[in-house]
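The values are calculated or read from the model by the stated rules, or taken from the named source; none is laboratory data. It should be emphasised that the depicted structure is a prediction, and the values quoted were computed from it without experimental measurement. Positions of Cβ are backbone-derived with ideal geometry, glycine not excepted, and every protein chain shown enters the neighbour counts. Just so you know, the surface numbers come from the protein's heavy atoms only, side chains and all, with ligands and any DNA or RNA stripped out. Shrake-Rupley method; radii C 1.70, N 1.55, O 1.52, S 1.80 Å.
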Amino acid sequence: MRVLVAPGPFGRLGAGEAASAIANAWREASPHVEVVTAPQADGGIGTAQVLGSAQHAQPIVVDAEAAAVAAFLSADRSRAWIDSAEAEAAGGEDSAPLGAAVASLLADGVRTLVIGLGGVRSLDGGRGFVRALAGSADADGVRRARELLADTTVTAVANTDRQLLGFHGACYPAIAELGLDKTDAQAAEQAMGEWLDVVRAAIPARRDLLQGRPIRPEKERGAGAAGGLGFLLFALGAQLVAGPTYVAGQTGLAEKITHCDLVVTATQVFDWRVLEHSVLAEVTSAAATAATPAVVLADEVHVGRREQMSLGVQGAYSVNKSGWMRPVPVSAAELAESLPGLARRVAGTWTPPPRTDVP
């Protein structure tokens, strides 16, 4: 029997760490079972590591002016993978460190670039990116940025399907997610609209080849990712893709599932927010397509059996009692300790050792 372990990040544990913890514990509980791993990501932090590792890329540190940004580089040095959240954490409060890192990678000969868009706190719409890459955050800077990227294939991996503006855009959800008050969110929305006008003036709208209609970057699914950076990259010519689906394709998830008898995925909190556009939804959908059982490991489970079945989930197991919420955030150390214990318990249910007392 073969078990495929395909989690996304588990709270503060990266996808690779979570996959290793589950796989090692499963092997301990069921040594007669072959366990293989396929870490996944949704476009958020850790996406570059998952994609780069799948392509046997080497970790590097990119000199981004005053910041040092972690990334991954292919053996032939022509392809790179980088997370916008890593750049933000390394150098500031906007997308400028990412722009500086991209400029450095282009100067080193990178011509295929994959950028993970999730996990950032800035709402600058990519202004800082343009300023750092092209010298100024105005229409001329936008045009220069487009010229600098003209010979580079850029893929922007979005962790959300939000558009740029509106109540379901980049700014208003930040009231709950980033702790902005309503006044700040409204000011950010207004600034985003002004930036949209700058980009529109700099770059003529592309047209749909079938219908001849203008393509509006701000309306694209994922345009609101990374505080509007998804919109800017798409306007500059990048391909804007849904994170979970793109990563699954790059890591060969569907093919790996066809060679397995059970799929195990994991998420820290299994609630309504992961019912779509998530690693969990992508993995369980692929498992259902292949008619392979899938189970979910979580720290908390808040989804009922009916919703689980609609995703193709045969079982969901939690560290906490189902429906309970932790009163305080869980540390990475706590998760690293509790996840293997849960995996061993579930392994005993789904892959018990062969019985010797039965002929």
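Observations on the model:
- Inside segment 128-140, residues that are open to solvent by less than 30 Å² (accessible area, probe 1.4 Å), part of a helix (DSSP H, G or I) and more than 10 Å from VAL199 (Cβ to Cβ) make up a count of 5.
- Looking only at segment 315-344, and only at residues there that are closer than 18 Å to ARG27 by Cα and surrounded by fewer than 15 Cβ atoms within 10 Å (Cβ to Cβ), the one that is modelled with the highest pLDDT: GLY341
One line per residue, one yes/no per condition, for (1) over 12 Å from SER84 (Cα atoms); (2) of a type in the set (Ser, Thr, Tyr); (3) within 16 Å of the chain's Cα centre (by Cα):
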{"position": "GLY118", "(1), (2), (3)": "no, no, yes"}
{"position": "LEU123", "(1), (2), (3)": "yes, no, no"}
{"position": "GLY126", "(1), (2), (3)": "no, no, no"}
{"position": "LEU133", "(1), (2), (3)": "yes, no, no"}
{"position": "ASP140", "(1), (2), (3)": "yes, no, no"}
{"position": "THR160", "(1), (2), (3)": "yes, yes, yes"}
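- Residue count for segment 2-46, restricted to those that are among the hydrophobic types (A, V, I, L, M, F, W, C), within 30 Å of ALA89 (Cα to Cα) and not in a helix (DSSP H, G or I): 7
Every residue, every condition in (1) outside any helix (DSSP H, G or I); (2) open to solvent by 10 Å² or more (accessible area, probe 1.4 Å); (3) over 26 Å from VAL283 (Cα atoms); (4) without any contact (Cβ under 8 Å) to a residue 60 or more places away in the chain, yes or no:
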site: ALA185; (1), (2), (3), (4): no, no, yes, yes
site: GLY193; (1), (2), (3), (4): no, yes, yes, yes
site: ASP197; (1), (2), (3), (4): no, yes, yes, yes
site: ARG200; (1), (2), (3), (4): no, yes, yes, yes
site: LEU229; (1), (2), (3), (4): no, no, yes, no
site: LEU233; (1), (2), (3), (4): no, no, yes, no
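- Candidates are the residues of segment 244-265 that are under 14 Å from ALA288 (Cβ atoms) and assigned to a helix (DSSP H, G or I); the one that is most open to solvent (accessible area, probe 1.4 Å) is THR258.
- Lone unmet requirement of (1) open to solvent by less than 20 Å² (accessible area, probe 1.4 Å); (2) touching a helix residue (DSSP H, G or I) at 6+ places or on another chain (Cβ under 9 Å) for GLY92: (1)
- Selected residue [over 20 Å from ALA41 (Cβ atoms), hydrophobic (A, V, I, L, M, F, W, C) and touching a residue at least 24 places away in the same chain (Cβ under 8 Å)] from ALA101, ALA145: ALA145
- Of all residues in segment 58-73, those satisfying the criterion of being within 19 Å of the chain's Cα centre (by Cα) and crowded, with 20+ Cβ neighbours inside 10 Å are VAL69, ALA71, PHE72, LEU73.
- Taken together, the criteria place THR292 among residues that are touching a strand residue (DSSP E or B) at 6+ places or on another chain (Cβ under 6 Å) and either open to solvent by less than 60 Å² (accessible area, probe 1.4 Å) or at pLDDT 95 or above (or both).
- Residues considered: SER318, SER331, SER278, SER338. Of these, the only one that is of a type in the set (S, T, N, Q) and free of Cβ contacts under 8 Å to residues at least 40 places away in the same chain is SER338.
- LEU297 meets all of the listed conditions (1) open to solvent by 10 Å² or more (accessible area, probe 1.4 Å); (2) under 30 Å from VAL33 (Cα atoms) but one, namely (1).
- Segment 141-160, subset assigned to a loop (DSSP other than H, G, I, E, B) and open to solvent by 60 Å² or more (accessible area, probe 1.4 Å), residue farthest from GLU218 (Cα to Cα): ASP151
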